[in-house]
Structure formats: C-alpha cells, structure tokens
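Chemist: Quick one: the structure is below, questions incoming.
The values are calculated or read from the model by the stated rules, or taken from the named source; none is laboratory data. Predicted model, so just to flag it, every value in this text is computed and none were measured. Virtual Cβ from ideal backbone geometry, glycine too; neighbours counted across all protein chains shown. Only protein heavy atoms, including side chains, enter the accessible area calculation; ligands, DNA and RNA are left aside. Shrake-Rupley method; radii C 1.70, N 1.55, O 1.52, S 1.80 Å.
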Amino acid sequence: MAAPSIEIPVGDRLVRVSNPDKVYFPQTGYTKRRLVEYFVSVGEGILRATRDRPTTLERWPGGVFEGARLATRGDPRGADAFYQKRLPKGAPGWVESARIDFPSGRSADEVCPTEVAVIAWAANLGTLTFHPWPVRRADVDHPDELRIDLDPQPGTGFADAVRVALGPVRDLLDELGYTGFVKTSGKAGVHVYVRIEPRWTFTDVRRAALAFGREVERRAPDLVTTKWWKEERGEQVFIDFNQNARDRTIASAYSVRPLPHAPVSAPVAWDELADAAPEDFTIATMPARFAEIGDPHAAIDERAFSLEPLLEMAARDERDRGLGDMPYPPNHPKMPGEPKRVQPSKDTDRSGRRRDGKGKS
C-alpha cells in the first residue's frame with residue numbers, strides 16, 4: 001500500500017512529502033519522492049541560484065502528463081499547472097518571503113528561499129521550475145544579475161545557441177572584462193549570467209542587455225537577432241533582452257523543466273558546453289554529477305561587475321546609430337521612449353496602408 005506521506009530530513013528540518021509514490025513523469029516513472037530527493041541532492045546549487053531572491057514557483061501538482069497545460073495570463077481556466085507568485089497559505093513559519101512590486105503597481109509577498117528545506121517544501125507542492133527575480137530581498141529594485149538568454153527560433157536549435165555562446169557572446173564578455181556563468185536552459189536554449197553591482201534599475205539593466213545583444217548581432221548577423229517581433233526573426237538565435245525587465249524571470253539553475261524525460265537546467269563549465277547535450281541532464285543523472293564535480297557556478301558570487309561599459313555602448317548605439325529602445329513585454333506598462341507595440345505586419349496608417357511599405361494589411 002502506498003504511503004500517504006513521509007518525512008525527509010533536510011538540514012535540521014523534516015520536510016513532509018505527501019503522496020510520495022505519485023508518478024510525476026509517466027514516461028520515466030519518476031515519482032514525487034524522486035523529485036524532492038533530486039532537489040535535496042543538488043540543494044547547495046539551487047539554493048545558490050535562489051537564496052534571498054523573491055521566487056515564483058511553477059507548480060505542476062498533477063505531474064507532467066500528456067496534454068497537461070500551463071495556465072497563461074490570457075487563458076488561466078482549465079489549466080493543470082500554474083505560476084504561484086504569492087506565498088501559499090499554510091506555509092511553515094520557516095518559509096520566508098520578500099515583498100516585490102509588479103510593473104502594474106500591485107505588490108506580492110513571494111517565497112524567498114533561505115535554506116534547502118524551502119526548496120524541498122516547494123517541490124512537495126509540485127514545483128518543478130523555480131523562477132527567481134534578479135534581485136535580493138534587501139534591495140528589490142536594483143538587480144544584481146545580468147541575464148543573457150539565447151533563445152533558438154524555429155529552424156535553429158541548441159547547437160546554434162552554443163555557437164553563439166562560445167563565439168561572439170564569450171568574446172564580448174572577455175572584452176568587457178566580465179565573468180559569465182553558463183548553463184543549459186533545460187530545453188533548446190543557453191543562459192549566461194553575470195553578477196553586477198546592485199546600483200542600477202531594471203530599466204538600466206534591460207538597456208544594457210539590449211546593447212549587449214545588438215553588439216553580438218553585429219558580430220554574427222546571419223546567426224543572431226534582437227528583433228522583438230517573431231515574424232522578423234527568421235531562423236536565428238534571439239537574444240531576449242526583455243528577460244531583464246521587471247517581473248520577467250528565467251528558470252533557475254537546477255530547475256526541472258516540464259518535459260516527459262524530466263530535464264534540468266544544468267550549469268556547465270565553458271569548456272563543457274561544446275559537447276553538452278540538454279537531454280543528458282535530468283533528475284536521474286544530475287545527483288551523481290553534482291556529487292562528483294560540485295556546482296560549476298560555485299564562484300558566481302565572488303565578484304560583481306559594473307554596467308558602465310554596456311551603458312556607454314547603449315549610448316553610442318543611440319547617438320551614432322540611431323538605435324532607440326525596443327518594445328517591452330506585452331503586459332508591461334508603456335515606458336518612456338518605447339516604440340509602438342504593434343507587429344510590423346499589422347502596423348497601418350489611417351488609410352490602412354502598412355507602414356512597412358508593403359501595401360494594405
């Protein structure tokens with residue numbers, strides 16, 4: 001008979017796991033207990049990625065089954081999974097929170113991991129993916145992390161993202177004097193993190209990320225794009241600068257992605273990246289890897305860098321190349337200097353003529 005619950009020791013605490021034998025990944029047979037034990041096994045690493053950060057929980061309480069659907073802002077009904085942006089009611093007293101302000105002006109107290117037991121507790125709620133803000137709770141308005149998101153578009157894949165990361169992205173990081181820490185996204189993308197001094201606003205950090213992306217695009221124009229509208233990107237790797245806007249987050253290192261084989265967003269060393277394969281990093285393989293090599297991002301907090309070089313690059317783009325801002329994400333309030341949020345194929349003048357000069361829409 002299946003146990004209704006068990007307790008797993010995590011540090012000085014016992015974390016209750018309800019329905020531990022419930023299958024979360026039917027293709028592999030991985031259970032909820034397996035998921036929780038995975039997070040505990042890489043606890044030092046995922047806590048490094050989330051510690052003291054307001055963190056949205058991506059919860060899949062029914063597991064990852066065929067046809068399971070994640071709720072979206074525009075279509076929340078009938079979904080099997082959802083984003084938890086507020087501290088759940090009934091959370092243990094040792095689960096701490098951090099107050100954050102959304103672009104809409106509303107506020108929320110989000111889970112703020114301070115120990116591995118918090119990660120295990122969240123996993124018991126069906127959390128697969130942890131989405132930490134790029135800020136610490138001591139100062140939630142000034143990011144301490146620049147996030148470079150390499151997102152392959154249709155017709156490209158992980159190998160293309162790796163080419164961009166190991167080529168123009170790493171070259172530019174070296175020229176700026178930055179130390180970047182790279183990981184797989186757990187899907188087809190590649191993420192690079194740079195610790196920065198927490199003295200710039202979200203707007204500044206996003207502007208710096210856009211300047212970084214534009215410079216990479218200039219160096220590899222056939223492979224890289226910073227175009228916001230999908231219809232303009234083509235078969236290229238998109239550098240998603242908007243992941244640095246307020247209330248936009250990226251799956252943390254060691255997070256599990258909701259795919260049948262339970263892949264993980266895996267930190268890797270730069271010299272591992274060329275031979276890395278996202279499917280090799282799962283909740284089954286990562287515990288042994290972590291036990292053997294530890295966390296490739298262990299040194300990420302040793303030094304924080306200035307954004308000034310990238311902000312100077314942004315100023316040159318604006319002054320010398322006439323490159324202004326780009327659209328913000330759809331649900332973000334309109335920002336000063338932001339262009340219209342209308343995809344080019346639908347942008348018409350009063351006569352109905354498309355502004356791209358290609359006739360009526």
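Chemist: What is the residue count in the stretch 277-292 for residues that are under 22 Å from Asp151 (Cβ atoms) and in contact with a helix residue (DSSP H, G or I) (Cβ under 7 Å, 6 or more places away or on another chain)? Step through it out loud before you land on a result.
Modeler: First, the residues of the stretch 277-292 that are under 22 Å from Asp151 (Cβ atoms): 277-282.
Next, from what is left, pick out any that are in contact with a helix residue (DSSP H, G or I) (Cβ under 7 Å, 6 or more places away or on another chain): 278.
Counting residues in the stretch 277-292 that are under 22 Å from Asp151 (Cβ atoms) and in contact with a helix residue (DSSP H, G or I) (Cβ under 7 Å, 6 or more places away or on another chain) gives 1.
Chemist: For Ala188, work out the one condition from (1) open to solvent by 20 Å² or more (accessible area, probe 1.4 Å); (2) under 19 Å from Pro143 (Cβ atoms); (3) aliphatic (A, V, I, L, M); (4) in contact with a Gly (Cβ under 8 Å, 6 or more places away or on another chain) it doesn't fulfil.
Modeler: (2)
Chemist: Within the stretch 112-145, can you find the residues that are buried (at least 24 other Cβ atoms within 10 Å of the Cβ), assigned to a strand (DSSP E or B) and not polar (S, T, N, Q)?
Modeler: Leu128, Phe130, Pro132
Chemist: Which condition from (1) surrounded by fewer than 18 Cβ atoms within 10 Å (Cβ to Cβ); (2) in a loop (DSSP other than H, G, I, E, B) is the one that Ser252 breaks?
Modeler: (1)
Chemist: Would you confirm whether or not the stretch 237-247 contains a residue that is polar (S, T, N, Q) and open to solvent by 10 Å² or more (accessible area, probe 1.4 Å)?
Modeler: In the first step, residues of the stretch 237-247 are kept if they are polar (S, T, N, Q); the result is 242-244.
This time we only want the ones that are open to solvent by 10 Å² or more (accessible area, probe 1.4 Å), so: 243.
Scanning the stretch 237-247, I find at least one residue that is polar (S, T, N, Q) and open to solvent by 10 Å² or more (accessible area, probe 1.4 Å), so the answer is yes.
Chemist: Consider Ala298 carefully, then state whether it is under 30 Å from Phe39 (Cβ atoms) and in contact with a strand residue (DSSP E or B) (Cβ under 6 Å, 6 or more places away or on another chain).
Modeler: Details: under 30 Å from Phe39 (Cβ atoms): yes; in contact with a strand residue (DSSP E or B) (Cβ under 6 Å, 6 or more places away or on another chain): no.
It is false that Ala298 is under 30 Å from Phe39 (Cβ atoms) and in contact with a strand residue (DSSP E or B) (Cβ under 6 Å, 6 or more places away or on another chain).
Chemist: Go over the candidates Tyr30, Tyr83 one by one and state the one that is modelled with pLDDT of 95 or more, under 26 Å from Gly294 (Cα atoms) and of a type in the set (Ser, Thr, Tyr).
Modeler: Working: Tyr83 fails: under 26 Å from Gly294 (Cα atoms).
Only one candidate passes the filter, namely Tyr30.
Chemist: I've got another one for you. Hey, any hits in the stretch 205-225 for a residue that's over 22 Å from Lys183 (Cα atoms), modelled with pLDDT of 95 or more and assigned to a loop (DSSP other than H, G, I, E, B)?
Modeler: yes
Chemist: What number of residues in the stretch 158-185 are open to solvent by 10 Å² or more (accessible area, probe 1.4 Å), more than 24 Å from Tyr254 (Cα to Cα), touching a residue at least 24 places away in the same chain (Cβ under 8 Å) and assigned to a helix (DSSP H, G or I)?
Modeler: Summing the residues that are open to solvent by 10 Å² or more (accessible area, probe 1.4 Å), more than 24 Å from Tyr254 (Cα to Cα), touching a residue at least 24 places away in the same chain (Cβ under 8 Å) and assigned to a helix (DSSP H, G or I) in the stretch 158-185 gives 4.
Chemist: How about the stretch 255-335: which helices (runs of 4 or more DSSP H) wholly inside it have at least 2 residues that are in contact with a Ser or Thr (Cβ under 9 Å, 6 or more places away or on another chain) and open to solvent by 30 Å² or more (accessible area, probe 1.4 Å)? Spell out how you get there, then give the answer.
Modeler: Numbers: elements: 270-273, 286-293, 308-320.
Ranges flagged: 286-293.
Chemist: Another question, if that's okay. Give me the pairs, please: first residue somewhere in the stretch 40-66 and touching a residue at least 24 places away in the same chain (Cβ under 8 Å), second residue anywhere and open to solvent by 10 Å² or more (accessible area, probe 1.4 Å) and assigned to a helix (DSSP H, G or I), beta-carbon distance under 6 Å, and either six or more positions apart or on two chains.
Modeler: Close Cβ pairs satisfying both conditions: Ser41/Pro287; Val42/Phe290; Gly43/Val116; Leu47/Val116.
Chemist: Sticking with this one: For the stretch 1-111, which strands (runs of 3 or more DSSP E) that fit wholly inside it have 2 or more residues that are more than 27 Å from Asp144 (Cβ to Cβ) and open to solvent by 40 Å² or more (accessible area, probe 1.4 Å)?
Modeler: On the way: elements: 5-10, 13-18, 23-25, 55-59, 82-84, 97-101, 107-111.
The qualifying strands (runs of 3 or more DSSP E) are 5-10, 13-18.
Chemist: Given (1) open to solvent by 10 Å² or more (accessible area, probe 1.4 Å); (2) more than 15 Å from the chain's Cα centre (by Cα), where does Pro152 come up short, assuming only one miss?
Modeler: Exception for Pro152: condition (2).
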